[in-house]
Amino acid sequence: MTLSGPLRKVASKLMARFGGEVTIRTITTGAYNTTTGAIAETTSDNEIRGVLEDVNAREVNELIQAGDKKLIIAAADTAGVPTTVDKVLISSVVHQIIQVTTIEQDNEPITYELILRA
């Protein structure tokens, strides 16, 4: 028996209890319009709870900048794996996902750590 099932439930309960409301906006690209030169996009919003904190100075590098935010969400609460194409809405401010790190147990995702930039 693996620990991944109970860990996913615990992560979801902790986010529900201690996290704030955020919206994950999943963006799906569609067909390419040759007339306009644009790619059609569809979006779907998923409201979940997550823990938001500032990126500390030791984490700043070529990709991560001072002023970025770190959002931890439970994998069980998401419809799919967030990608850098998706957006996050926090208090009506749209954040771009810079990096996604998966915390997993026995090849099963427990939480996702998202680095965000407004």
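The values are calculated or read from the model by the stated rules, or taken from the named source; none is laboratory data. Since the model is a prediction, treat every value here as computed from it, not as a measurement. A quick note on method: Cβ atoms are made from the backbone with ideal geometry, for glycine too, and the neighbour counts reach across all protein chains shown. Surface areas here come from the heavy atoms of the whole protein model, side chains and all, with no ligands, DNA or RNA. Shrake-Rupley method; radii C 1.70, N 1.55, O 1.52, S 1.80 Å.
Points to keep in mind about this one:
- Taken together, the residues in segment 60-74 that are among the hydrophobic types (A, V, I, L, M, F, W, C), open to solvent by less than 60 Å² (accessible area, probe 1.4 Å) and farther than 18 Å from Glu47 by Cα amount to 1.
- Count of residues meeting criterion [surrounded by 17 or more Cβ atoms within 10 Å (Cβ to Cβ) and in contact with a Phe, Trp or Tyr (Cβ under 9 Å, 6 or more places away or on another chain)] in segment 79-101: 1
- Among the residues making up segment 75-101, those that are assigned to a strand (DSSP E or B) and either aromatic (Phe, Trp, Tyr) or closer than 9 Å to Leu114 by Cα (or both) are Ile97, Ile98, Gln99, Val100, Thr101.
- Subset tally (residues that are of a type in the set (A, V, I, L, M, F, W, C), farther than 20 Å from Gln65 by Cβ and crowded, with 19+ Cβ neighbours inside 10 Å) for segment 102-118: 1
- Within segment 85-118, if we keep just the residues that are modelled with pLDDT under 95 and among the hydroxyl-bearing types (Ser, Thr, Tyr), the residue that is farthest from Ala40 (Cα to Cα) turns out to be Ser91.
- Residues in segment 53-78 that are aliphatic (A, V, I, L, M) and within 11 Å of the chain's Cα centre (by Cα): Leu71, Ile72, Ile73, Ala74, Ala75.
- Meets criteria (over 19 Å from Gln105 (Cβ atoms), of a type in the set (Ser, Thr, Tyr), modelled with pLDDT under 95 and open to solvent by 80 Å² or more (accessible area, probe 1.4 Å)) for Thr35: yes
- In segment 1-74, counting only strands (runs of 3 or more DSSP E) that sit wholly within it, the ones holding 2 or more residues that are farther than 16 Å from Gln99 by Cα and either touching a residue at least 24 places away in the same chain (Cβ under 8 Å) or among the β-branched types (Val, Ile, Thr) (or both) span 20-33, 38-54.
- The single condition among (1) modelled with pLDDT under 95; (2) loosely packed, with under 12 Cβ neighbours inside 10 Å that Ile27 does not satisfy is (2).
- The condition of being among the basic types (Lys, Arg) and out of contact with any helix residue (DSSP H, G or I) (no Cβ under 7 Å at 6 or more places or on another chain) does not hold for Arg49.
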